Each structure stands twice: as structure tokens, then as C-alpha cells.
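Below you'll find the structure, written out as C-alpha cells, and then a few comments.
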Amino acid sequence: MKTPDFNKLMIYARAFSKYTPEREATLVEASRDMLPRLAEVTENFYATLQSMPETRSYIEDRLDALKGTHHHWLEGLISGPCDVNYTEAMYKVGDVHVKVNLPVEFMAGGICLIQDSFIALVTDIYADDPARARAVLEATNAALGFSLMVMQESYQASSLAEELEKFLAITGMSRTLFNNLAEAYKT
Ligand code: HEM
């Protein structure tokens, strides 16, 4: 499968999700207050996934390991930096989910669950400062939107690769010929 241009993907996903440098700075600053309570976000996430028959079967045999990985990822999400390395790492996380055949909508659903917990957490931490709570939540929403876009890019790449495999099998065309034609017709 073709490796994406992670710098280009980062710029695109940051613009679309409105994850600006100012929002990233707001989130990184707030991470000092949020880190001690991050376990709540992970616990809520897996409690919901365990409660739904559609998601439970994917996680029940490795719950503790998944909680650890998820917590570690959340720390990175809020502590930054959201750079090319983070973009590449999120693409790989997307790929891990593709490989275990997780339906694509699990990514959007999962991100919704995380933002839901962030709303409760952040409004509680900054109960006396609604303007700050709003700014931090705008930042978490953007950071999560960014991560979702990058993970879904893996799903898209894998589905294109599958289509190509089918095309080659049906037509009997060799991969070399296909690559040569694709190169010749590049715009
Ligand atoms: C949408 C937000 C999600 C994030 C940010 C996330 C994050 C992660 C991370 C960081 C890993 C470790 C990747 C690695 O090994 O390098 C992982 C693995 C995994 N996740 Fe998620 N995850 C999400 C949603 C879900 C959902 C909704 C499910 C299932 C209901 C799920 C099931 C799994 C499983 C089964 C693995 C382990 C795959 C394996 O190693 O065989 N994830 N996830």
C-alpha cells in the first residue's frame, strides 16, 4: 500500500478540524489539570464499549491491555505536539483497527465517546471559568477531529487497495503494468 505524505495529511487535517496552534497551546496548558483525571475518560470509554453487543466482542479478551494503551494515547493527545510524528502514529493506529476488521463507524463513535467525557471533565475542572472551559473544549474537539480524520485515512487507503486487488484479479493485468500506466497518466 502506498505510504501517504504525512506532512500534507497533517496540514490538511489540521485545517479541516480547525486544530490551530493557538488551540494546541490551550490544550497543552490545560493538560496539567486534566492529566490526573484522564483515567475517568478511559474508564467511561470502555464501560460504554462493554455495554454494547456490537463493540463488546472486539475488546473483552484484552481489556486491561487496551485500557493501558488508550490512556497512553490520551496523554499524548492532550500533551502534544501534534506534528508529523503524531500524524504518522495516528495513521498506524487507524491501520491497526483496519487489520482487526473494526467497522469504520467505530472510529467516529469512539471519538464521540471521548469528547463526551471531556465535556464532563473540563466543565468540572474549570467550573469557575466558563470561558476557559469553552476554549479547552474547542481544543479537545479539534484535536479529536484531527485524530479521527487521520485514522479514517487508513480505512480509505485500505479500501482503495482492496479495489485495486479486485481490478487486477478481474482483468488479469500485472501490477507492474498497472504501475507503469498509472505513472504515465499522472497529472
Ligand atoms: C476512536 C477512538 C479510538 C482510539 C483513539 C483508539 C486507540 C487505540 C490505540 C492507540 C491502539 C493501539 C495501537 C497499536 O497497537 O499500535 C488501539 C488498539 C486497539 N483498539 Fe482502539 N481506539 C479507538 C477505538 C476503538 C474501538 C471503538 C474499539 C472496539 C470496539 C477498539 C478496539 C481496539 C482493539 C481490539 C485494538 C488492538 C488491536 C490489536 O493489537 O490486535 N478501538 N486502539
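Okay, here's what the table says:
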read-out	value
Residue list for region 117-146, filter: under 20 Å from Glu40 (Cα atoms), touching a residue at least 24 places away in the same chain (Cβ under 8 Å) and in contact with a Phe, Trp or Tyr (Cβ under 9 Å, 6 or more places away or on another chain)	Ser117, Val136, Ala139, Thr140, Asn141, Ala143, Leu144
Residue match in region 164-183 (condition: in contact (Cβ under 8 Å) with a residue 60 or more places away in the chain, out of contact with any strand residue (DSSP E or B) (no Cβ under 6 Å at 6 or more places or on another chain) and on the phi < 0 side of the Ramachandran plot)	no
Every residue from region 33-63 that is within 12 Å of the ligand (Cβ to nearest atom) and farther than 21 Å from Ala108 by Cβ	Glu60, Asp61, Arg62, Leu63
Whichever residue in region 39-90 is of a type in the set (Phe, Trp, Tyr) and over 30 Å from Lys8 (Cα atoms) and, among such residues, is surrounded by the fewest Cβ atoms within 10 Å (Cβ to Cβ)	Tyr58
Residue match in region 133-145 (condition: charged (D, E, K, R) and closer than 26 Å to Glu88 by Cβ)	yes
Segments classed as helices (runs of 4 or more DSSP H), wholly inside region 98-187, with at least 1 members that are touching a Ser or Thr at 6+ places or on another chain (Cβ under 9 Å) and closer than 23 Å to Lys8 by Cβ	105-125, 130-171
Which numbered condition Asp128 fails, given (1) within 16 Å of the ligand (Cβ to nearest atom); (2) out of contact with any helix residue (DSSP H, G or I) (no Cβ under 9 Å at 6 or more places or on another chain)	(1)
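No value in this document is a laboratory result; all are computed from the given coordinates. As the structure is a computational prediction, the values presented were derived from the model and not from experiment. Backbone-built Cβ (ideal geometry, glycine too); neighbour counts: all protein chains shown.
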